[in-house]
Amino acid sequence: MHCDRWCRNAIAVVFLTLTGCAGVVMPGASGPPADAPVFHVGDRWVYRATDGFRLPLQWVETHQVTAVAPDAITVDITETGPNARGERTEVWSTPGLLKTGAVFDEETRRFVTPIKMYEFPLTPGTSWNQWVENLNASTKKSGQINRYVTVGGWEQVATPAGTFDAIKLRVLMRLDDDEFWRGPTQCNYLIYYSPAVGAMVRAEKNAEYWEKGDRRDGIGAIAAQHAVLELASYTPGAR
C-alpha cells in the first residue's frame, strides 16, 4: 500500500500515542472492580444527546434490550427529536463484547471478532488495546479499527436521571475511514459506566481528522464530533 509523507507522520503519531499511553495509569485509578451486568428483556436506557459547537444537534436516544440468548444480547436503539437519525440494532455476544453496532456516531459495523467495549470486571488501573476487522454496513467497506482503553477510578457523576457512582474509561480510537484526501478519524472519548444501571451514564466524545495535500496539512485538524450523552432515565426489565 502506498504511504505518503502525511500517512507516515500520522502512523507515527498514533504509534507514539498508543505506546506512550500503554504505561500510564489514569489519575485516581483506584477502588473496587465493577462486575459484568446481567441483562433482561425490557431493560431500557434513555439518553439526552447533543453534538456540535455553536448550534449543536439535539436528540433523545433510547436503548432497549429486546432479546437475551446465551451468545447474543439484542438491543434496539431509536432516536427522537429535532435531529433524530433513525433506528439501529446492536448485538452483544456477552456483556462488554459488541458483535454488531456503532462505535462512532450511528455507523453500524459488523466485527469479525467482537470489539471489547468493556472488559469485565472493570478494574481501575487496567487497560486493553485491540485491532478489529469490521464491515461498515453503510459504506459496505471493510477495514480495521484500533481501540485503546484505560480504566480510571470511581467518580460521582450527575445526570438528568440522578447522581451515580461511576467508573471512568478513557477511549482512544482510530477508525478506518481514511480516503485519498483525508486521514482516518481519531477519537478521544470519556465514558462513565455505572453498575447501578449496567451501562454508561455519561459519554463525552470528541473526534477529528486531518486533510491531506493542502496548507492545513500538518497544521490543523477538522472536528468530526463534539458530543455529550447523558442518562435521562433507566427502567429495568422484568426479573
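The values are calculated or read from the model by the stated rules, or taken from the named source; none is laboratory data. Just so it is clear, the model here is predicted, and its values are computed rather than measured. With ideal geometry, Cβ positions are generated from the backbone for all residues, glycine too; neighbour counts draw on all protein chains shown. These accessible areas exclude ligands, DNA and RNA; they are computed on the full protein's heavy atoms, side chains included. Shrake-Rupley method; radii C 1.70, N 1.55, O 1.52, S 1.80 Å.
The distance linking the stretch 158-234 with the stretch 74-118 is 15 Å (Cα centroid to Cα centroid, whole angstrom). Within the shell of other residues whose beta carbon sits under 14 angstrom from the beta carbon of R170, the net charge comes to +1, with Lys and Arg scored +1 and Asp and Glu -1. A Gaussian network model of the chain, with springs between Cα atoms under 10 Å, assigns the largest mean-square fluctuation among P33, P95, P82 to P82. Of all DSSP beta bridges confined to the stretch 105-239, the antiparallel ones make up roughly 100%. Both radii come from the Cα set of the chain: Rg as radius of gyration, Rh as Kirkwood radius; their ratio Rg/Rh reads 0.96.
Stretching the chain fully between T94 and A36 yields a gain of 20.0 nm (0.36 nm per residue, less the alpha carbon separation). Our coupling estimate for the stretch 42-52, obtained by passing each phi through the Karplus curve with A = 6.51, B = -1.76, C = 1.60 and θ = phi - 60°, is x, 4, 9, 10, 10, 10, 8, 10, 9, 8, x Hz, Gly and Pro reported as x. Under a 5 Å amide H cut-off, with hydrogens placed 1.01 Å from N, R182 pairs with K212 among residues at least 5 apart or on other chains. Relative to the longest principal axis of the Cα atoms of the chain, the long axis of helix 5-22 makes an angle of roughly 40 degrees.
Carbon and sulfur: what percent of the stretch 108-202's accessible surface (1.4 Å probe)? The computed percentage sits at 49.
Of T108, T126, T139, which has the largest mean-square fluctuation in a 10 Å C-alpha GNM of the chain? Residue with maximal mean-square fluctuation among T108, T126, T139: T139.
In order along the stretch 195-201, the Karplus-derived 3J(HN,Hα) couplings, from 6.51 cos²θ - 1.76 cosθ + 1.60 at θ = phi - 60°, round to x, 4, 10, x, 6, 5, 10 Hz, and Gly and Pro are given as x. Rg/Rh, computed from the Cα trace of the stretch 107-239 with Rh as the Kirkwood radius, has the value 1.02.
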